Amino acid sequence: MTDVVSISQVLGGTIAVGTMVTVRGWVRTRRDSKAGLSFVNLNDGSCFDGLQIVVVNTLEGYEQSVLSLSAGCAFEVEGELVTSQGKGQSVELRATRVVPHSTIADPERYPLAKRGDGKHFTPEFLREIAHLRPRTNTFGAVTRLRHAMAMAVHRFFHEEGFYWVNTPIVTTSDAEGAGQMFRVSTLDAMNPARSPDGSVDFSKDFFGKPAHLTVSGQLNVEPFCLALSKVYTFGPTFRAENSNTARHLAEFWMIEPEVAFADLRANADLAERFLKYIFRAILSERMDDLRFFDQECKKGDSPYVQKGVEIISRLEQFVASPFERVDYREAVKILQGAKKKFEFPVSFGVDLQTEHERYLTEQVFNRPVVVMNYPKAIKAFYMRQNDDNETVAAMDVLAPGIGEIIGGSQREERLDVLTARMDALSLPHHEYEWYLDTRRYGSVPHAGFGLGFERLVVYAAGLANIRDAIPYPRVPGSARF
């Protein structure tokens, strides 16, 4: 038995021509020539390209093992690696043994039968067969890119001295104060336990009080920051926002670092190093997949990606450009003085919209921008109040082509200021006593940010819809698979 190798190893040039190897995977296409040869494109998911398998019709069992192969079939092939006679790749495999692992009972009914790349299907159709869409070019590439980015996230924080903290998915506090949370309950939905006043008696529920799926791990990771100095959480979060846009998911993954003895400027520096590290990693490790997305965007005929975007050059420019820092007040002045007419008016106290963010990054500064010191009225209770009593030490990192990609702040470490802010927002102290303890005992200035991982994948691949950045999208009215 020869060594089993991946197609990425074969196409990566690490195996010499003339070597006997075994590869395994799934059929993308098969064509038969009049010269008695069959050409099978085999893909094992290890890289974007498939490997061409050449089979002579005199091979033992040819009719049973090769002519039965159709798109989607799984098989194993042993053969000699030879120099390719055609265009597209430098090597191909001359088969000496073919072993089918599975065949398609009814090839005409196989949803991806026409073409293995899935390009003739709509994104909506492929979301209905999310269990099969990883076999298409687009979603194989998305998955490999997502993996490389996730690994880079962990490497970055490990190299910077951070510790990964697994914060709870089930929580009894609302980090954002938005109230758009999914409830977790074992009470009978039709006949829940009732209190004497007729309200639902959550003391009879599994956790003894109302519980929800978390919208953020920040509040839970902060106490670890105030003991271990540099920590981060990377896990699933949930928002019960009834939004059907191309920018929203009900379930998504969040990256949230927290650093002790850090102010807003240090936070912005961390965000810049972090994003550049991730993009350098995929430019180095996943250029095959980035080239595919780059070509698809430039051609402009794919419904899966944004039209006209140059993915590779955008990422390279992002990595090479120092981030611009601008105060919120200054950003508002720039936008108010712009010749462009915006759909949403700009004034102090309003949150910047995507059109404003993209104008700043693409028209004014032509680079990523960190907007700092937002009005406190539009930001969360835990953000540190500035001396002007109007703004807080909050920041948004804006990227050309998408707008906001990171949101963060220096946290309010002063107990009296924090509790006063909670009172102003009518937040009950008793639900946050454990959080307030971190300000009573050994509090220090600290800062952190949050990044939606799928939003980063969308940016890196130039995807048109965030539902295609995650394996099984959860959105209003849909939680299949």
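The values are calculated or read from the model by the stated rules, or taken from the named source; none is laboratory data. This one's a predicted model, so the numbers in the text were calculated from it and none came from an experiment. Cβ sites come from the backbone with ideal geometry, for glycine too, and all protein chains shown count toward neighbours. SASA here: full protein model, heavy atoms, side chains in, ligands and nucleic acids out. Shrake-Rupley method; radii C 1.70, N 1.55, O 1.52, S 1.80 Å.
Amide H contacts under 5 Å for ALA250: ARG474, VAL475, restricted to partners 5 or more places along the chain or on a different chain, H placed in the peptide plane at 1.01 Å from N. Working value for region 216-309: equivalent-ellipsoid semi-axes of 32, 20, 11 Å, each the square root of 5 times a Cα gyration tensor eigenvalue, largest first. Nearest 10 degrees, 0 to 90: what angle lies between the long axis of helix 264-285 and the longest principal axis of the chain (Cα atoms)? Once rounded, the angle reads 0 degrees. Note on LYS376: lysines with a C-alpha under 23 Å away, same-chain residues under 8 apart excluded, are LYS333. Rolling a 1.4 Å probe over the protein heavy atoms of region 401-479, with every protein chain left in place, gives an accessible area that is 53 percent carbon and sulfur. With protein chains left intact and a 1.4 Å probe, residues in the chain average 47 Å² of accessible area per residue.
Expressed in units of 2.2 N^0.38 Å, where N is the residue count, the Cα radius of gyration of region 256-382 is 1.24. Evaluate E = 1/(1 + (r/R0)^6) for GLU76 and VAL364, where r is the Cβ-Cβ distance and R0 equals 51 Å; express this FRET efficiency to the nearest 0.05. With a Förster radius of 51 Å, E is 0.35. When the charge dipole of region 117-230 is built from unit charges on Cβ atoms (+1 for Lys and Arg, -1 for Asp and Glu) and taken about the Cα centre, the candidate among VAL170, THR186, HIS131 whose Cα reaches farthest toward its positive end is HIS131. The charge dipole of the chain, taken about the Cα centre with unit charges on the Cβ atoms of Lys, Arg (+1) and Asp, Glu (-1), comes to about 1120 debye, rounded to the nearest 20. The mean sequence distance of close C-alpha pairs (under 8 Å, at least 6 residues apart), as a share of the length of region 232-339, puts its relative contact order at 17 percent.
Between THR14 and HIS101, residue separation times 0.36 nm minus the direct Cα-Cα distance comes to 28.7 nm.
Show me 436-445, 73-82 ranked by packing, highest mean number of other Cβ atoms within 10 Å first.
Per-residue Cβ counts within 10 Å, averaged per peptide and sorted highest first, yield 73-82, 436-445.
For the chain, build the charge dipole from Cβ charges (+1 Lys, Arg; -1 Asp, Glu) around the Cα centre, then report which of ILE466, ALA250, SER195 sits farthest towards its positive end. About the Cα centre, the residue reaching furthest to the positive side is ILE466.
Taking Cα atoms only, the orientation of helix 287-299 departs from the longest principal axis of the chain by about 80 degrees. For region 310-358, the fraction of 1.4 Å probe accessible surface lying on carbon and sulfur atoms is 49 percent.
For ALA469, the amide hydrogen comes within under 5 Å of no other amide hydrogen, counting only partners 5 or more places away or on other chains and with H modelled in the peptide plane.
A straight Cα-to-Cα reach below 28 Å connects LYS276 with the lysines LYS230, LYS298, LYS299, LYS307, LYS379, residues fewer than 8 places away in its own chain not being considered. Could you tell me how many degrees, from 0 to 90 and to the nearest 10, lie between the Cα long axis of helix 137-159 and the main elongation axis, the longest principal axis, of the Cα atoms of the chain? Between the helix axis and the principal axis of the chain, the angle is about 50 degrees.
Expressed as a whole percent, the accessible surface of region 209-263 that belongs to carbon and sulfur atoms is 57, based on a 1.4 Å probe. Each Lys and Arg contributes +1 and each Asp and Glu -1, all at the Cβ; summed about the Cα centre of region 5-93, the dipole is approximately 300 debye. Which one, PRO345, SER409, THR237, is farthest towards the positive end of the dipole of the chain when Lys and Arg carry +1 and Asp and Glu -1 on their Cβ? Farthest towards the positive pole: PRO345. If I model region 389-481 as equal point scatterers sitting on the Cα atoms and use the Debye formula, what is log10 I(q)/I(0) at q = 0.15, 0.17 Å⁻¹? With no solvent term, the Cα-only Debye profile gives -0.82, -0.89. With each label point set 7 Å from Cα along the Cα-Cβ vector, what nm distance links TYR62 and ALA338? About 6.5 nm, to one decimal.
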